Amino acid sequence: KEKVEITKEQRTLMKVIVDAYSTHQIPQDVAKKLLQEQYSADENFLLLTEMATSQVQVLVEFTKNIPGFLSLDREDQIALLKGSAVEAMFLRSAQVFSRKMPSGQTEVLEERIRKSGISEEFIIPMFNFYKSIVSLHMVQEEQALLTTITILTPDRPYVKDQQAVERIQETMLELLRKLCVLQRPQEPQYFARLLGRLTELRTLSHYHAEMLTSWRTNDHKFTPLLCEIWDVQ
Ligand SMILES: O=C(NC1CCCCC1)[C@H](C1CCCCC1)n1c(-c2ccc(-c3ccccc3)s2)nc2ccccc21
């Protein structure tokens, strides 16, 4: 039986990542807004672009706290941010959706999102992903590390020094692996299941541009930052 132990430096690394992850959250809570009232498809599209714009800014701040990220080549830092922003957005959305809410609220939230203006064909894969995240019952350490591992994906477009990214990602993968073994000794496959979600996340993220252009609104207006990140307009 493997004796798994978190080293002192891994504990420090864990604390830095989790603190940064919980500090750099979206200011106003989108779930609360959506539960307060029913918005039109146009209002929902505007809400999404506002939330997404602030999420990208939050993501940039978060990555500055990932040990080693700022020592990467500057252009590679941009390539990693650009390459992971959509996945980070869906992952964060799934985590917002999986939050414990007073009974019946999750169903209301689901209904509001279904009717938000997103075209039907994307609702099923999106909620399949959200429900697969809900079913993992991740703790915040796992959520923070999973987002970090997503950002540190070496094979994003235009990354030059993939080895340098791989080295940092491996540190995070090893830490997450140990956490999963310690957290769920009776579920040896749990770590593999977590990583499997990243594959689902990448597939879902392939549809993001189409999801936006097919949104039931007359005015698909994007901020310059989102045009950069979302490959639209
Ligand atoms: O605000 C949101 N998400 C924030 C993004 C930044 C991080 C915090 C969450 C939207 C709202 C949906 C309803 C209409 C308003 C916007 N949202 C989504 C998305 C559905 C489609 C999405 C998308 C992203 C990129 C490209 C193409 C499509 S995100 N899933 C949610 C699950 C739970 C709570 C909100 C959720």
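The values are calculated or read from the model by the stated rules, or taken from the named source; none is laboratory data. Treat the numbers as computed from the prediction; the structure is a model and nothing was measured. Here the Cβ is made from the backbone with ideal geometry for all residues, glycine too, and neighbour counts use every protein chain on show. Accessible surface areas use protein heavy atoms only, side chains included; no ligands, DNA or RNA. Shrake-Rupley method; radii C 1.70, N 1.55, O 1.52, S 1.80 Å.
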Determine whether region 134-157 contains at least one residue that is more than 16 Å from the ligand (Cβ to nearest atom), exposed (fewer than 13 other Cβ atoms within 10 Å of the Cβ), in contact (Cβ under 8 Å) with a residue 24 or more places away in the chain and farther than 29 Å from Thr12 by Cβ. yes
Can you tell me which residues in region 25-47 are in contact with a Ser or Thr (Cβ under 9 Å, 6 or more places away or on another chain), surrounded by 13 or more Cβ atoms within 10 Å (Cβ to Cβ) and closer than 26 Å to Glu142 by Cβ? Ile26, Val30, Leu34
Going through region 50-88 in order, the residues found to be part of a helix (DSSP H, G or I), away from the ligand (no atom under 16 Å from the Cβ) and open to solvent by 30 Å² or more (accessible area, probe 1.4 Å) are Lys64, Leu70, Ser71, Arg74, Glu75, Ile78
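Report yes if Ile17 is in a loop (DSSP other than H, G, I, E, B) and either more than 14 Å from the ligand (Cβ to nearest atom) or open to solvent by 40 Å² or more (accessible area, probe 1.4 Å) (or both), otherwise no.
On the way: in a loop (DSSP other than H, G, I, E, B): no; either more than 14 Å from the ligand (Cβ to nearest atom) or open to solvent by 40 Å² or more (accessible area, probe 1.4 Å) (or both): yes.
No, not satisfied.
Among the candidates Glu50, Glu110, Glu61, Glu75, which residue alone is at pLDDT below 95, more than 20 Å from Cys180 (Cβ to Cβ), among the acidic types (Asp, Glu) and out of contact with any strand residue (DSSP E or B) (no Cβ under 6 Å at 6 or more places or on another chain)? Working first, answer last.
Working: Glu110 fails: at pLDDT below 95; Glu61 fails: at pLDDT below 95; Glu75 fails: at pLDDT below 95.
Sole residue among the options that is at pLDDT below 95, more than 20 Å from Cys180 (Cβ to Cβ), among the acidic types (Asp, Glu) and out of contact with any strand residue (DSSP E or B) (no Cβ under 6 Å at 6 or more places or on another chain): Glu50.
Identify, from the list Glu87, Glu121, the residue that is within 17 Å of Thr203 (Cβ to Cβ), of a type in the set (D, E, K, R) and under 14 Å from the mean Cα position of the chain (by Cα).
Values: Glu121 fails: under 14 Å from the mean Cα position of the chain (by Cα).
Glu87 is the lone residue from the list that is within 17 Å of Thr203 (Cβ to Cβ), of a type in the set (D, E, K, R) and under 14 Å from the mean Cα position of the chain (by Cα).
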Residue under question is Val96, and the condition is that it be modelled with pLDDT under 95, closer than 21 Å to Ala52 by Cα and within 10 Å of the ligand (Cβ to nearest atom); does it hold? yes
The condition from (1) surrounded by 13 or more Cβ atoms within 10 Å (Cβ to Cβ); (2) within 17 Å of Met89 (Cα to Cα); (3) hydroxyl-bearing (Ser, Thr, Tyr) that Ser214 misses is numbered (2)
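Any chance region 27-36 includes a residue that's within 14 Å of the ligand (Cβ to nearest atom) and modelled with pLDDT of 95 or more?
Taking every residue of region 27-36 in turn, none turns out to be within 14 Å of the ligand (Cβ to nearest atom) and modelled with pLDDT of 95 or more.
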Criterion (of a type in the set (D, E, K, R), more than 13 Å from the ligand (Cβ to nearest atom) and in contact (Cβ under 8 Å) with a residue 24 or more places away in the chain) met by exactly one of Glu200, Glu187, Glu210, Glu166: Glu200
For the subset of region 217-233 comprising residues that are touching a residue at least 12 places away in the same chain (Cβ under 8 Å) and outside any loop (DSSP other than H, G, I, E, B), which member is surrounded by the most Cβ atoms within 10 Å (Cβ to Cβ)? Ile229
